[in-house]
1. Do any trypsin sites (Lys or Arg not before Pro) in region 126-216 lie in a loop, going by DSSP, with at most 15 other beta-carbon atoms within 10 Å of their beta carbon, and if so which?
2. So for region 180-219, considering every pair of alpha-carbon atoms, how many percent are separated by more than 12 Å?
3. Extending each Cα 7 Å along its Cβ direction at A172 and R133, get the distance between those two points in nm, one decimal.
4. Starting from the Kirkwood radius over alpha-carbon pairs of region 134-219, derive D by Stokes-Einstein at 25 °C in a medium of 0.890 mPa s and give it in µm² s⁻¹.
5. Using the Kirkwood radius over C-alpha pairs as Rh, can you work out the diffusion coefficient of region 4-216 via Stokes-Einstein at 20 °C, viscosity 1.002 mPa s, in µm² per second?
6. G22: net charge of surrounding residues, Cβ under 9 Å, Lys/Arg +1, Asp/Glu -1, itself excluded?
Amino acid sequence: MPANLTLPLFGDATQSSREQLGQHAWLLRGFALAQADELLTAIARIRAQSPFRQMRTPGGFTMSVALNNCGALGWTSDASGYRYTPRDPLTGQAWPPMPLPLLSLAAQAAEAAGFPGFIPDACLLNRYPPGSRLSLHQDRNERDFSAPIVSVSLGMGAVFLFGGHARNDKAARIPLLHGDVAVWGGEDRLRYHGILPLKDQPHPATGSLRYNLTFRKAG
Ligand code: SIN
Ligand code: FE2
């Protein structure tokens, strides 16, 4: 049985390790564990400036995951489509700046996965309550696909779907735990991915919530 199927869906990875998910896609187990408290404090500060909100999709659905952003550009969705904006449409203000610990963690994780020199200008914050999910999608609103996506998981565990280049390609099911970092770029940059509906397995650091930080070079 592959090692990742033996991991529980709660608790933390007990040691750091690397699992290859594709030619240029890696799961860095526990890579953010040492900084997790600092990251959660940064999220609390961001939330005080720009609140988490459930966005509407262009198709008229309300997303079950609550979103937020920090950095020069933030990803938003509404009736007119998906895009990056320099301002939070809810507050009219610039998105909160990307805290240095987040920026450097993202750069270090990218480098560890074979993408040196990654300087993200956008960080999407996803907040998942029990039962919420993110359906299969590609990250394709960024201008330049040569930069990777760096994705940090905090709090409750989740099952990550990592598919292929077509929506119907079979997707691997990968448990993501508190402190895990996934990086995908190069030929894997546009692979479909998503999150299965979350089970309520409270985590000591976040209670019944999962946070995910996705760093991108958007502009
Ligand atoms: C995303 O694709 O934006 C988030 C993935 C995750 O929550 O792990
Ligand atoms: Fe995504």
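Only the coordinates and a few stated rules stand behind these numbers; no lab work does. Here the structure is a predicted model, which is why all the values come from computation and not from measurement. Neighbour counts run over all protein chains shown; Cβ positions are idealised from the backbone, glycine included.
1. Those that pass, being in a loop and sparsely packed, are R140, R143, R167, K170, K199.
2. In whole percent, the long-distance tail amounts to 74.
3. Inter-label distance under the simple model: 2.1 nm.
4. Values: Rh = 13.5 Å.
Estimated via Stokes-Einstein, D reaches 182 µm²/s.
5. Working: Rh = 17.1 Å.
Answer, rounded: 125 µm²/s.
6. Taking every other residue near G22 into account, the sum is -1.
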